[in-house]
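The values are calculated or read from the model by the stated rules, or taken from the named source; none is laboratory data. As the structure is a computational prediction, the values presented were derived from the model and not from experiment. For neighbour counting, all protein chains shown are included, and Cβ atoms are generated from backbone atoms with ideal geometry for every residue, glycine included. Just the protein is used for accessible areas: all its heavy atoms, side chains included, with ligands, DNA and RNA removed. Shrake-Rupley method; radii C 1.70, N 1.55, O 1.52, S 1.80 Å.
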Amino acid sequence: MAREKSDIEYQVVTVRFPKEIYQEYKKILKSEGKIPTYDLRNYIFSVVEEYEKGQR
């Protein structure tokens, strides 16, 4: 597993999803070779990046 950059402080977030939907989501990501937590993290990064682009 890759190491995180030590100069970044992380926030732990708890998110509630309906169990059936989350299980389906994990199954789909697994078939694509992705990890759910990283997928969510990348989505959040993309939202912030798109917002910042729109502010320029």
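Residues that are farther than 23 Å from TYR10 by Cβ, open to solvent by 90 Å² or more (accessible area, probe 1.4 Å) and either in a helix (DSSP H, G or I) or aliphatic (A, V, I, L, M) (or both) within the range 40-56 comprise LYS53, GLN55, listed in sequence order.
Just one residue in the set GLN23, GLN11 is outside any helix (DSSP H, G or I), modelled with pLDDT of 90 or more and not aromatic (Phe, Trp, Tyr); that residue is GLN11.
Just one of the listed residues (THR37, THR14) is polar (S, T, N, Q) and either in contact (Cβ under 8 Å) with a residue 40 or more places away in the chain or open to solvent by 90 Å² or more (accessible area, probe 1.4 Å) (or both), and it is THR14. For the range 17-34, a tally of residues being among the polar types (S, T, N, Q) and loosely packed, with under 10 Cβ neighbours inside 10 Å returns 1.
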